Amino acid sequence: LYVGSENAFSGWVATYARRVSGAGSFWALTPAFFWSALVGGRGLAPLALRKYSDRRVANAGLILACTGTAGLLASRTLWSSTLSALIAGLGFAPVYPIVISLLSRRYGDRAQRVAGFMFALAGMGGAVMPLIVGLVADRYHSLRLGLAVPLACLVVMIVLQAFEAKSADSGSINSRAMRA
């Protein structure tokens with residue numbers, strides 16, 4: 001879901017910005033703002049991780065990515081589209097590295113086997129999600145509706161993170177009770 005959402009957003013943001021911009025060619029730089037924020041956010045994430053837990057930073061990132069994506073869907077100007085791309089890029093930034101580290105922590109010695117499967121799924125999501133956005137946009141004649149697909153995936157990831165945190169918390173409570 002993550003790689004697909006990131007790919008779909010970054011792949012379609014320029015087209016969306018072009019449609020709302022009216023004139024000029026600045027819209028073509030919109031993905032650069034997304035990628036700059038994503039790379040910069042990955043550089044800043046360790047600072048946030050010094051103060052907050054990895055789950056909290058990942059959840060904040062998902063919420064910020066949702067905010068940026070929803071902002072893009074609501075935008076009617078190039079300026080608001082560009083700002084939304086920046087916000088989404090900052091939001092997406094910490095999620096993937098944190099999820100990979102949580103995967104390693106959760107599965108321990110089995111992490112390599114699980115990670116191989118997860119990387120394959122991530123690649124498939126990255127290839128398929130932009131196509132799904134295009135198909136939905138074509139079917140309903142609305143790129144805005146097509147871009148609601150990655151937004152829905154981000155919401156699903158927030159829900160999955162909540163379930164994962166709950167199961168991890170109950171696991172740590174059980175392990176503490178067994179040691180006592």
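The values are calculated or read from the model by the stated rules, or taken from the named source; none is laboratory data. Since this is a predicted model, take the numbers as computed values, not measurements. In this analysis, Cβ positions are derived from the backbone assuming ideal geometry, glycine residues included, and neighbour counts consider all displayed protein chains. Surface areas here come from the heavy atoms of the whole protein model, side chains and all, with no ligands, DNA or RNA. Shrake-Rupley method; radii C 1.70, N 1.55, O 1.52, S 1.80 Å.
Applying the set (1) touching a helix residue (DSSP H, G or I) at 6+ places or on another chain (Cβ under 6 Å); (2) of a type in the set (A, V, I, L, M, F, W, C); (3) modelled with pLDDT of 90 or more to L44 leaves exactly one unmet item: (1).
For first residues located in the stretch 133-155 and farther than 13 Å from E6 by Cα and in a helix (DSSP H, G or I), partners that are at pLDDT below 95 and aromatic (F, W, Y) and lie 6+ apart or on another chain with Cβ distances below 6 Å do not occur. Close Cβ contacts (under 8 Å, 6 or more residues apart or on different chains) running from residues in the stretch 1-30 that are within 28 Å of A122 (Cα to Cα) and outside any helix (DSSP H, G or I) to residues that are modelled with pLDDT of 95 or more and open to solvent by 40 Å² or more (accessible area, probe 1.4 Å) comprise L1/V156.
Of L143, L135, all but one fail to be open to solvent by 100 Å² or more (accessible area, probe 1.4 Å) and of a type in the set (A, V, I, L, M); the exception is L135. Scanning the stretch 82-114 for residues that are of a type in the set (D, E, K, R) and free of Cβ contacts under 8 Å to residues at least 24 places away in the same chain, we see that the one that is farthest from A28 (Cα to Cα) is D109. For the stretch 1-49, a residue qualifies if it is of a type in the set (S, T, N, Q) and touching a Ser or Thr at 6+ places or on another chain (Cβ under 7 Å), and exactly one does: T30.
Restricting attention to the stretch 146-161, which residues are open to solvent by 60 Å² or more (accessible area, probe 1.4 Å) and out of contact with any helix residue (DSSP H, G or I) (no Cβ under 7 Å at 6 or more places or on another chain)?
V156, V159, L160
Scanning the stretch 5-19 for any residue that is touching a Leu at 6+ places or on another chain (Cβ under 7 Å), open to solvent by 30 Å² or more (accessible area, probe 1.4 Å) and over 14 Å from V149 (Cα atoms) turns up at least one such residue.
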